[in-house]
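Input: a single structure, listed below in structure tokens.
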Amino acid sequence: MGDVLSQSEIDNLLSALSTGEFDVSDTADSTEKVVKDYDFARPSKFSKEHLRTLVFIFEHYARLLSTNLPVYLRKNVQVEVLHSEATTYSEFSNALANPVILGIVSAEPLKGNFVIELADSIGYAILDRMLGGQGVPLDKNREFTEIELTILEKILWVCTEHLIEPWQSVVEFEPNLERIETNSQFAQIISPNEMTAIITMNIKVGSVEGLMNCCIPFNCIEDFIDRLNTKYWYATLQSSDENVYRDAIESAISKASVPVRALLGKSMISVNDFMNLVPGDIIKLDSKVNDELSIYVGNLKKFTALPGATTESYAVRITSVIKEE
């Protein structure tokens, strides 16, 4: 219910209306609602919350690429997410250069395919680096040869495989690099008017920079689009991260080699006796034959054991585990 005017306010309005200081048409115009045109050719299927969550997912993906690509390129690689936007597939494909590096990725059990687009400057730099060069791009672009595409396929395989971990908190799928295209006309995976989410990343290989775009059609993620919100993503990420990283750390530590030594005993002799030792001399230790030996892992005493032999080698049999630090 609107505010009730007092008698003095009514008199002032009538006075202003009679003198022409107040126009009723101004009031009528101010109450009109602003109507926003809706483009049925570009329906708003991706909300700002969806795009924001995709940025978080691909920031995780960018960290994985920054860590793993240097293993193959032997060069410092920096990957950074710039932005995400919703656009039609025709606008994405029309903006592509020629030649271009397009990786068509299937993701079972999801519907449709993803598209990973890599700038040609980064592609030439990767080729130069993989073939023993310094990672310098070409001065003039040209078509990629079959041998060069085979080399680039290995790098795109690495990029494809690392899509699994960032998406685990939303959906589990198995990405597979179907093929590589160098012409956008041969990569019409969906209808030109279909809405897609474009996540743009900047890749720096040494001193060479270029863009990497990941195009995700709406029909691929339509079944779990409700999970693309920061609340759901953070909740599942926090519940799974602890076990995932713990298992990864345990797996990495279990493969590490550590020195293990058994101490038979100790003895003290003079420097003169030490200088005159010859084969056959006997040094008396402070331990007996039946005494347990101390087993050291690194510099820490972790076990006690009894001496023995197995086949033709000396050995010890663990008798107790020392829990103290």
Residue within the range 291-310 that is loosely packed, with under 10 Cβ neighbours inside 10 Å, of a type in the set (A, V, I, L, M) and more than 24 Å from V321 (Cβ to Cβ) present: no
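Of all residues in the range 207-218, which are crowded, with 17+ Cβ neighbours inside 10 Å and not in a strand (DSSP E or B)? I'd like the intermediate steps shown before the answer.
Applying the first criterion (crowded, with 17+ Cβ neighbours inside 10 Å) to the range 207-218 yields 208, 210, 212-218.
Answer for the range 207-218, where residues must be crowded, with 17+ Cβ neighbours inside 10 Å and not in a strand (DSSP E or B): just F218.
Checking the structure you have, find out if any residue of the range 171-178 is at pLDDT 80 or above, in a strand (DSSP E or B) and over 19 Å from the mean Cα position of the chain (by Cα).
yes
Take residues that are modelled with pLDDT of 85 or more and tell me which of the helices (runs of 4 or more DSSP H) falling wholly in the range 1-105 contain 1 or more.
So the answer is 48-73, 89-94.
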Every residue from the range 111-131 that is of a type outside the set (K, R), outside any strand (DSSP E or B) and at pLDDT 85 or above: A119, D120, S121, I122, G123, Y124, A125, I126, L127, D128, M130, L131
Selection within the range 269-285 - acidic (D, E) and either in contact with a Phe, Trp or Tyr (Cβ under 8 Å, 6 or more places away or on another chain) or loosely packed, with under 10 Cβ neighbours inside 10 Å (or both): D281
Lone unmet requirement of (1) closer than 24 Å to F218 by Cβ; (2) crowded, with 20+ Cβ neighbours inside 10 Å; (3) out of contact with any Asp or Glu (no Cβ under 9 Å at 6 or more places or on another chain) for I126: (1)
In the range 50-71, the residues that are aliphatic (A, V, I, L, M) and within 17 Å of R227 (Cα to Cα): L51, L54, V55, I57
Breaking point among (1) surrounded by fewer than 12 Cβ atoms within 10 Å (Cβ to Cβ); (2) in a loop (DSSP other than H, G, I, E, B); (3) of a type in the set (S, T, N, Q), for Q185: (2)
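The values are calculated or read from the model by the stated rules, or taken from the named source; none is laboratory data. Quantities reported herein were computed from a predicted structural model and do not represent experimental measurements. We place every Cβ from the backbone using ideal geometry, glycine too, and count neighbours over all the protein chains shown.
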